[in-house]
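FYI, it's all coordinate maths here, none of it is from the lab. Predicted, not measured: the structure shown is a model, and the values here were computed from it. When we count neighbours, we look across all protein chains shown, and the Cβ atoms used for this are built from the backbone with ideal geometry, even at glycine.
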Amino acid sequence: MTFGSARGWLLDAARRIDDALGSSRVQRLVLPPLLDRPGKEGEFCALQLDDGSVGLSFTLLDGTLRTLHARSALAAGMPAAELVAGYASDDGAARALGLAAINALTRRLCRLAGFEAGDSVDSFGSLALAAGDRLGMVGHFSPLIRQARALGIPVVVVELKPELVREEPGLVVTLDPGRLAGCNKIVSTSTVLLNDTFEEVAGAWRHAEAVAIVGPSAGCPPDALFAAGVSAVGTAWVTDADAFLARVAAGEKWGDAARKVTITAQAYPGLERLLAAALSSRRAGEVDSQNS
């Protein structure tokens, strides 16, 4: 299978899902409130399709959330495929909605195919940190930095903000992805799927022992990520859509309305097998409906 850019592959995968399973429409777009200092749960929008599936996407890049608030009334009733197309755009808000739509279609696919991801065991994407490891991070995960340093593990953090750059014993914060080359385990924020940095940082982790991409935006089909050297994807799956959407709108913690899951390259069946299983399930349901 040829993957090319991760963004291009995800666009194609989402279109294939929508074509194969029947076109979806947007039921609701729910945005967190505009706050000066939002908590983690106030950073993501939630897009629900007409079958109930929910996809998430990060909204705090370059004024994206404010723009989405101005456009939110336009989303309801739109074909999901139209929003997916926005993921190819240079418009940050359209790109965020596009990824949310891709993630919602992926949840629809996994549900129909009967694929269940395993629960996450830690915040490091199941990297199983141990003495002697050197941890690389793409994105500034302050709690994870503290956890790693408490274990005596040196950390290299790749950032986009020059004001965060510093070096001290056991910690390097740099703008240079090449500094990841000395790290045997790497954890990356899923924001790399939105800010055009995925291919750049992927080039720096090719020789790492294990790589995890984590975050609610990583609910997409992971085939292209695994092909680029990622070994595990940690994300959030919504378990109670009504409760979850209400909490997103209020900027509240998601609690038991969602669960953290990890998908590993070894346990993932691949897009082709998921599509085949989902199609079989859909056809069986249609036969049952006709016979009832």
Original post:
Mean projection of the alpha-carbon convex hull of the stretch 1-104 over all orientations, in nm²?
Top reply: 6.8
**OP:** Name all residues of the stretch 129-151 having a backbone nitrogen under 17 Å from the label point set 7 Å from the Cα of residue 267 along its Cα→Cβ direction, giving them as ranges.
**Re:** 129
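Take the Cβ-Cβ distance between residue 35 and residue 71 as r, set R0 to 22 Å, and report the resulting FRET efficiency rounded to the nearest 0.05.
Efficiency computed from Cβ-Cβ geometry: 0.70.
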**OP:** Mark the label point 7 Å from the Cα of residue 91 along Cα→Cβ and return the residues of the stretch 215-253 whose backbone N is within less than 16 Å of it.
**Re:** none
**OP:** Would you mind telling me the antiparallel percentage of the DSSP bridges in the chain, rounded to 5?
**Re:** 50
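Could you please rank 196, 90, placing first whichever residue has the fewest other Cβ atoms within 10 Å of its Cβ?
On the way: 196 12, 90 7.
Ascending number of Cβ neighbours within 10 Å: 90, 196.
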**OP:** Sticking with the crude label model, points 7 Å out along Cα→Cβ, report the distance from residue 195 to residue 122 in nm, one decimal please.
**Re:** 2.5
Original post:
Under a plain spin-label model, where a point goes 7 Å from the Cα along Cα-to-Cβ, how far apart in nm are residue 61 and residue 164?
Top reply: 1.4
**OP:** Compute the distance in nm between two label points, each set 7 Å from the Cα along the Cα-to-Cβ direction, one at residue 206 and one at residue 130.
**Re:** 2.7
**OP:** Quick one: among 146, 107, 179, which has the greatest mean-square fluctuation in a GNM of the chain with alpha-carbon springs under 10 angstrom?
**Re:** 146
**OP:** Taking only Cα atoms and a 10 Å spring cutoff, compute GNM fluctuations for the chain and point out the largest among 153, 102, 17.
**Re:** 153
Original post:
Can you give me the relative contact order of the stretch 33-192 as a percent, contacts being Cα pairs under 8 Å and 6 or more apart?
Top reply: 17
Original post:
Which Rg and Dmax, in Å, describe the Cα atoms of the stretch 82-182?
Top reply: 17.9, 50
Subject >> Computed log₁₀ I(q)/I(0) - Debye formula, equal Cα scatterers, no solvent, the chain, q 0.10 Å⁻¹ >> reply: -0.52
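What does the extension gain come out to for residue 184 and residue 16, with contour length at 0.36 nm per residue minus their alpha carbon separation?
Values: separation 168, 0.36 × 168 = 60.48 nm, distance 3.52 nm.
Here the segment from residue 184 to residue 16 would lengthen by 57.0 nm.
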